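A.B. asks: Below you will find the structure I want to go over with you.
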There are 2 protein chains.
Amino acid sequence: MDIAKDARFASTKLKILSADERSNALLAVRDALAANKDAILEANKLDLDAARQADLPSSLIKRLDLTSPGKYDAMLQGIADVAALDDPVGKVSLRTTLDDGLELQRVSCPIGVILVIFEARPEVIANITALALKSGNAAILKGGKESLNSFTAIADAVTSALAATKIPASAIQLVATRADVASLLDQTDYIDLVIPRGSNKLVSDIKNSTRIPVLGHADGICSAFVNADADPEMAAKIVVDAKTNYPAGCNAIEQLLVHKDAVKTVLPTIASSLADAGVVIKATPELFEALKDIVPENLLKHSEEGDFDCEFLNFTIATTTVGSVEAAIEHINAHSSKHTDVIITASESDAQRFLNGIDSASVFWNASSRFADGFRFGFGAEVGISTSKIHSRGPVGLEGLVIYQYQLKGSGQVAGSYIGAGGSKAFKHIQH
Amino acid sequence: MDIAKDARFASTKLKILSADERSNALLAVRDALAANKDAILEANKLDLDAARQADLPSSLIKRLDLTSPGKYDAMLQGIADVAALDDPVGKVSLRTTLDDGLELQRVSCPIGVILVIFEARPEVIANITALALKSGNAAILKGGKESLNSFTAIADAVTSALAATKIPASAIQLVATRADVASLLDQTDYIDLVIPRGSNKLVSDIKNSTRIPVLGHADGICSAFVNADADPEMAAKIVVDAKTNYPAGCNAIEQLLVHKDAVKTVLPTIASSLADAGVVIKATPELFEALKDIVPENLLKHSEEGDFDCEFLNFTIATTTVGSVEAAIEHINAHSSKHTDVIITASESDAQRFLNGIDSASVFWNASSRFADGFRFGFGAEVGISTSKIHSRGPVGLEGLVIYQYQLKGSGQVAGSYIGAGGSKAFKHIQH
């Protein structure tokens, strides 16, 4: 199987195409998907029929369905939007004159080959093709088996559109089986980055089965800390939004930490609002006592072991008290998945201490954790959300698909002429 | 063993120290190493005696030896130099107003916990302590067993110096055994980055035994490509420096690619210069023919299988012809270790095509590969050289030890008010 090797070879060709050549290829893909809409939706219908016959969950069928109003056009518009973004390649981030006629530049460039593994959503193929080509990367795509017909029809349109452009044929390749993926995950020499898009299980399984760097997040264990001086109404509004706006989202909160001095003053308002929204509160013994006259019996439970390391993904929240901002930082750094954590406080200095002390990709003051999202951050395109500690964190835009290289332009200089390598010349090191 | 967990805890504390607090701790370490010089050099003598008795290679003994003129003072000066660098933490790289009173910033911050594994050089402990604390990271250090006495003496001085500062005690920890390292390499929850500093074997072994990201390079298979229009004198000077200035260096070249039209015009000058420098040329059959009247018999050999994937690390170079710049790019991208590659040409357009097409961390035009080095690039401090494709590439300065987090400051905003999450407000997304 030469898929990965072919992708690596294509990435070499992609690296020297111009921004226009890459962006025009995106528009060709968009046009081909528009022209083949009927065939693609027919293929999609086969997948939908099979999914309904197999009684797959309605949430999965919804993700599969390309026929819902506006979805197909949004997919096409998404490609055009990516084509219109600034070129992420060729940006100079450092320029130093090492010596006369010896100029160093750090220039952004594609990473190389990315492997993207996703589940039901067939439109991801269009989205990833756009992001990969825009950033000059070759991509290998593996979709879920439920969307195989849709996926194949879209892939055929993409492949034939690219054949008429300067993009090499193996720049976008599709693989269908799990065995293919297992083999690809071993090819550290040819694949530079793996991006899993799907369930926690998919992401954890992939993280545990490859030494290739993985961009993504398995868990989203996010917290809100309510300081003693928090405004009760603001705290209630933020906590309810962060918990209930989309509880299955990775940026929903799972934990509420309350300063001990806010238990009688701020927590009641928050707890009533959570109860009004139908959220089950799992409380430590002291909080259970404080809440039992405020929260209806059916919505108040005792917290259990593991609650503070759990992603509920539903209308449940675990809550406990802490004695200080520092204690909140310690609790969160020990339990969070480094995704997004929030402080609600009137104190700017407490807020800044919290923002600087929390070891997570996104740290918010007086705003809902749900803002942790590429669209809301204004990135134009989202590659995914990363809880890694290196390369790219949080919502990742096109920048996450580029790296840099050092380009040095000389006029015959050799190291041996300079101090430290046998010579006597000194470097000038003039930063521009 | 709680080493990694303790380091993680310390990193939380380090994250909120000020730049002055971190830099002052470096100066305290420098002063303690100056004050304890006699004790440390005595301990170093024990290591040196043991190494000589065990007949260890002289290169290793040289690396162990802290008593050679200027070495100890250079170590102290190195710490002061790092202390004086700009603070890498807290730099704002993106600022966007998402909406009125909802301000997003991307701010640089420490990565967290780094594990540094090194071999004989005991002064690395001072160097890494300085780099880690300057960038706000906790570090776990494992030195080679040959330097255990030196290492322990330096560590004692560092630990007692830090005890008088705001740096938490477990910010710098030392481990002595291989078993400790094996256990640490499994702790993906607590350790964010592994930096091996030593032989190719050390680096490959570590890369193959952990899922924690590794910053470093196992091989340095670098190439020079001589274009048809290259100036013979310049080409000879660069190739000889790149090969012979320090053949054991990772930035020395192992391969010489010659444009077929340069074989009769440029190669003879290069080959004579290489022969004068005592370099053995391993040539493909056609080049062997072309060179046999120029290069003395004892310095000319037939190339063997694997020569173009080999890091000779001595006075040997493999050479072959290519038909074009594109063919040179293909050959290098297939065989190089993505470290540093060089083109020698008079053509700016050929040079730019080469620089953009080569998939390596450093790409040079008319300059020796030996310039790929943190000191020569003007970085002030070098963490290491990376051949990874993500996060940090090439010579890595302090920037390689920081990442960023998104800090969002609001005034009670919730996602549910905005388009896409149930509301009707639009984002402003004003970039600053």
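The values are calculated or read from the model by the stated rules, or taken from the named source; none is laboratory data. This is a predicted model, so every value here is computed, not measured. Here the Cβ positions follow ideal geometry from the backbone for every residue, glycine too, while neighbour counts run over all protein chains shown. In case anyone asks, the SASA skips ligands and DNA or RNA and just uses the protein heavy atoms, side chains included. Shrake-Rupley method; radii C 1.70, N 1.55, O 1.52, S 1.80 Å.
A.B. asks: Have a look at B:Ile206, B:Ile191, B:Ile195 and point out the one that is in contact (Cβ under 8 Å) with a residue 12 or more places away in the chain, assigned by TED's automatic domain parsing to the domain that holds B:Lys91 and assigned to a loop (DSSP other than H, G, I, E, B).
C.D. replies: Only one candidate qualifies: B:Ile191.
A.B. asks: Still on this structure, I have one more. Give the number of residues within the range A:184-208 that are away from chain B (no Cβ under 14 Å) and closer than 26 Å to B:Ser386 by Cα.
C.D. replies: Within the range A:184-208, residues that are away from chain B (no Cβ under 14 Å) and closer than 26 Å to B:Ser386 by Cα number 2.
A.B. asks: Scan B:Leu141, B:Leu48 and give me the residue that is surrounded by 20 or more Cβ atoms within 10 Å (Cβ to Cβ), under 22 Å from the mean Cα position of the chain (by Cα) and free of Cβ contacts under 8 Å to residues at least 40 places away in the same chain.
C.D. replies: B:Leu141
A.B. asks: Okay, moving on. What single numbered condition from (1) within 14 Å of chain A (Cβ to nearest Cβ); (2) surrounded by fewer than 23 Cβ atoms within 10 Å (Cβ to Cβ) fails to hold for B:Pro110?
C.D. replies: It fails just one condition, (2).
A.B. asks: Still on this structure, I have one more. Every residue in the range A:58-76 that is under 22 Å from the mean Cα position of the chain (by Cα) and either open to solvent by less than 30 Å² (accessible area, probe 1.4 Å) or modelled with pLDDT of 95 or more (or both), please.
C.D. replies: Those that are under 22 Å from the mean Cα position of the chain (by Cα) and either open to solvent by less than 30 Å² (accessible area, probe 1.4 Å) or modelled with pLDDT of 95 or more (or both): A:Leu60, A:Leu64, A:Met75, A:Leu76.
A.B. asks: For the range B:28-47, state whether one or more residues are part of a helix (DSSP H, G or I), within 25 Å of A:Asn356 (Cβ to Cβ), out of contact with any strand residue (DSSP E or B) (no Cβ under 7 Å at 6 or more places or on another chain) and away from chain A (no Cβ under 13 Å).
C.D. replies: Yes, the range B:28-47 contains a residue that is part of a helix (DSSP H, G or I), within 25 Å of A:Asn356 (Cβ to Cβ), out of contact with any strand residue (DSSP E or B) (no Cβ under 7 Å at 6 or more places or on another chain) and away from chain A (no Cβ under 13 Å).
A.B. asks: Here are some conditions: (1) in a strand (DSSP E or B); (2) out of contact with any strand residue (DSSP E or B) (no Cβ under 6 Å at 6 or more places or on another chain); (3) basic (Lys, Arg). A:Lys301 meets all but one. Which one does it not meet?
C.D. replies: Of (1) in a strand (DSSP E or B); (2) out of contact with any strand residue (DSSP E or B) (no Cβ under 6 Å at 6 or more places or on another chain); (3) basic (Lys, Arg), only one is false for A:Lys301: (2).
A.B. asks: Same structure again: If we keep just the residues of the range A:218-238 that are assigned to a loop (DSSP other than H, G, I, E, B) and within 13 Å of another protein chain (Cβ to nearest Cβ), which is surrounded by the most Cβ atoms within 10 Å (Cβ to Cβ)?
C.D. replies: Per the criteria, the residue is A:Ala230.
A.B. asks: Turning to a different aspect of this structure: Within the range A:314-432, considering only strands (runs of 3 or more DSSP E) that don't extend past its boundaries, which have at least 1 residues that are within 7 Å of another protein chain (Cβ to nearest Cβ) and either open to solvent by 30 Å² or more (accessible area, probe 1.4 Å) or touching a residue at least 60 places away in the same chain (Cβ under 8 Å) (or both)?
C.D. replies: It comes to A:362-367, A:402-413.
A.B. asks: Also, quick follow-up: Within the range A:274-298, work out how many residues are outside any loop (DSSP other than H, G, I, E, B), under 34 Å from the mean Cα position of the chain (by Cα) and buried (at least 21 other Cβ atoms within 10 Å of the Cβ).
C.D. replies: The total comes to 4.
A.B. asks: Continuing with the same structure: So A:Tyr418 fits all but one of (1) over 30 Å from B:Asn245 (Cα atoms); (2) in contact with a strand residue (DSSP E or B) (Cβ under 8 Å, 6 or more places away or on another chain); what number is the exception?
C.D. replies: Only one criterion in (1) over 30 Å from B:Asn245 (Cα atoms); (2) in contact with a strand residue (DSSP E or B) (Cβ under 8 Å, 6 or more places away or on another chain) is unmet by A:Tyr418, namely (1).
A.B. asks: Of the residues that sit in the range A:246-266 and are without any contact (Cβ under 8 Å) to a residue 60 or more places away in the chain and assigned to a loop (DSSP other than H, G, I, E, B), which one is surrounded by the most Cβ atoms within 10 Å (Cβ to Cβ)?
C.D. replies: A:Val266
A.B. asks: Among the candidates B:Ala179, B:Ala120, B:Ala153, B:Ala164, which residue alone is modelled with pLDDT under 90, open to solvent by 10 Å² or more (accessible area, probe 1.4 Å), hydrophobic (A, V, I, L, M, F, W, C) and in the same structural domain as B:Lys62 (by TED's automatic domain parsing)?
C.D. replies: Only one candidate qualifies: B:Ala179.
A.B. asks: Of the residues in the range A:356-391, how many are of a type in the set (Lys, Arg) and closer than 30 Å to B:Ala7 by Cα?
C.D. replies: The number of residues fulfilling the criteria is 1.
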